[in-house]
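Engineer: Okay, here's the structure, questions in a sec.
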Amino acid sequence: MLSIIVALTREKERYFMKFIRWILGKIIISLDLVTRSTPVKRDIATQEEINAISKQFSLYQFNACPFCVKVRRYLHHKALYIELRDAKNNLEHKQTLIEEGGRHKVPCLRIEQKNSQVTWLYESNDIIAYLDEQLRSV
Ligand SMILES: N[C@@H](CCC(=O)N[C@@H](CS)C(=O)NCC(=O)O)C(=O)O
């Protein structure tokens, strides 16, 4: 009897925590949307060059992950149009991240070099520093 009560209590706690995470996720996404800065403006040729470079990248991320929001805000501000891949709900992207990236951790930047070699970059700060470096070379 006691073990049934303990199991039910744990189940309730699990749903409660899931609910709290859902609420926090919605708050994070809403705050992100209402506090976004204006993207930088570039001349057309430079922006096109950056768009072409951006095609070699894709960002594996979760919608409500604060570290992913940080990187997405950076992309938005720098007008970097990088494909976003949902590694939580899209099972194919999740599997690819685990198998090829090595961990189910986000954000993770997939970088495809000109010679088709692929590297995976984890850590939001490292991703931002790497992209900043790429922008400096344009
Ligand atoms: N220090 C990392 C933290 C990233 C992180 O903790 N991401 C969470 C989602 S919000 C995650 O992927 N957790 C799964 C795991 O660590 O296995 C960063 O700045 O990118």
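We did not get these values from a lab; they are worked out from the coordinates using the rules stated. Quantities reported herein were computed from a predicted structural model and do not represent experimental measurements. Positions of Cβ are generated from backbone atoms using ideal geometry, with glycine treated the same way; all protein chains shown enter the neighbour counts.
Engineer: Taking one equal scatterer on every alpha-carbon of the chain, how large is log10 of I(q)/I(0) by Debye at q = 0.11, 0.19 1/Å?
Structural biologist: Treating every Cα as an identical point scatterer, log10 I(q)/I(0) equals -0.50, -1.15.
Engineer: To continue, here is another question. Could you give the distance between the Cα centres of the stretch 17-49 and the stretch 110-133, to the whole Å?
Structural biologist: If you average the Cα positions of each part, the centres end up 20 Å apart.
Engineer: Before anything else, pin down the relative contact order of the stretch 44-136: Cα pairs under 8 Å, at least 6 apart, normalised by residue count, whole percent.
Structural biologist: 30
Engineer: I would also like to ask the following. Farthest toward the dipole's positive end in the chain, which of Leu80, Tyr15, Cys108, given Cβ charges of +1 (Lys, Arg) and -1 (Asp, Glu) about the Cα centre?
Structural biologist: Tyr15
Engineer: Around Leu84, which amide H atoms from residues at least 5 apart in sequence, or from another chain, sit under 5 Å from its own amide H, with H modelled in the peptide plane?
Structural biologist: Amide H to amide H, under 5 Å and 5 or more residues apart or across chains, Leu84 pairs with Leu59.
Engineer: Do any cysteines in the chain lack another Cys Cβ under 4.7 Å, and if so which?
Structural biologist: Cys108
Engineer: Please list, or write none, the lysines whose alpha carbon is within less than 29 Å of the alpha carbon of Lys94, excluding same-chain residues fewer than 8 places away.
Structural biologist: Lys12, Lys18, Lys26, Lys55, Lys70, Lys78, Lys105, Lys114
Engineer: Provide the three semi-axes, in whole Å and in decreasing order, of the ellipsoid equivalent to the stretch 12-74 as defined by the square roots of 5 times the Cα gyration tensor eigenvalues.
Structural biologist: 34, 14, 6
Engineer: What percent antiparallel are the DSSP beta bridges of the stretch 51-138, to the nearest 5?
Structural biologist: Bridges in the stretch 51-138 that DSSP calls antiparallel: roughly 70 percent.
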